[in-house]
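Structure first, commentary second.
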Amino acid sequence: MVQGPVLVFAESLGQDFRKASLEAVTEGKRIAGIVNTSLVAVAIGNGIKDRTSYLGAYGADTVLVADAPELKTFHPDYYRTVGLEAVRKVNPGVILMPATSSGKDLAPRLAIHLNTVVATEATKLDVEHDRLVATRPVYAGKAFLRVTMKSSPFIATLRPNAFNAKQAPSSKTPHVEELQFNKPQSRMTVHEYHAHAGKKMDLTEANVIVSGGRGMGGPENYKILEELAETLGGVVGASRASVDAGWRPHSDQVGQTGRTVSPTLYIACGISGAIQHRVGMINSKVIVAINKDPEAPIFGFADYGIVGDVFQVVPALTNELRRYLGK
Ligand SMILES: Cc1cc2nc3c(=O)[nH]c(=O)nc-3n(C[C@H](O)[C@H](O)[C@H](O)COP(=O)(O)OP(=O)(O)OC[C@H]3O[C@@H](n4cnc5c(N)ncnc54)[C@H](O)[C@@H]3O)c2cc1C
């Protein structure tokens, strides 16, 4: 039985909340509406106090803020301490957080202290017979598991981009409370946080991704993908084959051992469509595949397929789009 408020951990990136956090807050609001309870968001970070109204816009009734220099970046013990303090205060029936690297670390830490279990990487939540049911992919997305938890609180991490971030129709100013942060003893020290070099938008937040695989033939050829991505206001991604070849950084990798993305448009260039790649991009709204092999598996699940050589098709597409968009 879902009893008690829905508690959502809203992860911040600097002084902004991550898109995945806003997706979790939006979903939390939906669940809170179904079971007729309130939504409490927890904001942990440094310099985020003034940003709490943002969470109200996405439906949080209350925002608990833990704002301290030590909380600027994720620290497993510090964040767990704040998390447990929030749980003690709210006594939630459901705890949600994005399945980011921090969320994936925090959720089981909370679960073990609360003697409950976690549904990881949920792509859908339902309420059935007053219980929360999480749908999560298994076998690299080949099958889906529906999990109903018997223990409470029900904890789930939500796969980024599987849920929509939508402002609540009647946004209100949330009630804001400060959470006490008493720095716990820890055997871990977080020295520094290194954001990925360069100013490139995170793949998981991109609306358009132009991805290149082994068919690109070498790192220098990604220039044509960068031009196409730039024309569409997107970013470049990659298959594991091209990352393993050292053509692209690992942060560009889409798939089972890379990022899970769901842009509005995913253009796969010279990518065969192996299951491990597919699982990371299948939630894209529109998939376009460019491949010279008409039998390539990617044509089995692309919305639009172009059988052709990327070195002819991509520049032609970029030119046409530039002309069309007046760029
Ligand atoms: C445990 C595990 C985890 C994995 N995780 C991932 C993951 O996260 N992400 C991932 O991507 N893969 C992952 N893989 C690897 C995956 O199985 C594939 O090997 C990989 O996705 C293949 O990459 P690719 O499509 O670029 O290369 P290929 O399979 O070699 O395909 C290249 C394609 O390019 C086409 N092509 C060649 N030249 C041209 C041209 N000039 N114009 C047009 N098309 C052309 C070919 O027809 C071919 O279809 C994983 C594998 C394992 C075992």
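Read-outs: derived from the displayed coordinates by stated rules, not from any lab. No experiment lies behind these values; they were computed from the predicted model shown. With ideal geometry, Cβ positions are generated from the backbone for all residues, glycine too; neighbour counts draw on all protein chains shown.
Out of residues 5 or more away from residue 267 or on other chains, whose amide H comes under 5 Å of its own, with H placed 1.01 Å from N in the peptide plane?
Answer set, sorted by chain and number: 209, 210, 211, 288.
Shape call for region 202-249 from the C-alpha gyration tensor, a ≥ b ≥ c root eigenvalues: rounded (a/c under 1.5), prolate (a/b greater than b/c) or oblate? Walk me through the numbers on the way to the answer.
Details: a/c = 2.60, a/b = 1.47, b/c = 1.77.
Taking the square roots of the gyration eigenvalues as a ≥ b ≥ c, region 202-249 is oblate.
So for each of 129-136, 4-11, 269-276, 250-257 I average, over its residues, the number of other beta carbons within 10 Å; can you give me the resulting order with the highest mean first? Walk me through the intermediate numbers first.
Working: 129-136: 17.2, 4-11: 27.4, 269-276: 21.9, 250-257: 19.8.
Taking the mean over residues of other Cβ atoms within 10 Å, the ranking is 4-11, 269-276, 250-257, 129-136.
Tell me, what is the percent relative contact order of region 203-325, built from C-alpha pairs under 8 Å that lie six or more residues apart?
On the way: 261 pairs, mean separation 30.3, N = 123.
Relative contact order comes out at 25 percent.
Less than 11 Å Cβ to Cβ from residue 49, Lys/Arg counted +1 and Asp/Glu -1: what total charge do the surrounding residues give? Each step should come with its number before you reach the end.
Numbers: positive: 51; negative: 50, 67, 178.
Counting the neighbours of residue 49, the net charge comes to -2.
Rounded, prolate or oblate, given the Cα gyration tensor of region 203-325, with a/c below 1.5 counting as rounded? Numbers along the way, then the final one.
Working: a/c = 1.23, a/b = 1.20, b/c = 1.02.
Judged from the Cα gyration tensor, region 203-325 comes out rounded (a/c under 1.5).
Mind pulling the angle between the C-alpha long axis of helix 19-34 and the longest principal axis of the chain? Nearest 10 degrees, somewhere in 0 to 90.
Once rounded, the angle reads 50 degrees.
Which ³J(HN,Hα) values in Hz, rounded to whole numbers, follow from the phi angles of region 202-218 under the Karplus curve 6.51 cos²θ - 1.76 cosθ + 1.60, where θ = phi - 60° and Gly and Pro get x?
So the Karplus estimates, Gly and Pro as x, are 4, 4, 5, 9, 7, 8, 10, 10, 10, 10, x, x, 4, x, 6, x, x Hz.
Give a residue-ordered list of calculated ³J(HN,Hα) values for region 253-258 (Karplus: 6.51 cos²θ - 1.76 cosθ + 1.60, θ = phi - 60°; whole Hz; x for Gly, Pro).
My calculation for region 253-258 gives 6, 9, x, 3, 9, x Hz in order.
Which shape class, rounded, prolate or oblate, goes with the chain when its Cα gyration tensor gives a ≥ b ≥ c as root eigenvalues, a/c under 1.5 marks rounded, and past that a/b bigger than b/c marks prolate?
Working: a/c = 2.05, a/b = 1.80, b/c = 1.14.
Prolate, since a/c reaches 1.5 and a/b exceeds b/c.
Using only alpha carbon pairs under 8 Å that are at least six residues apart, calculate the relative contact order of the chain and give it in whole percent.
Details: 726 pairs, mean separation 48.1, N = 327.
Once divided by the residue count of the chain, the mean separation gives 15 percent.
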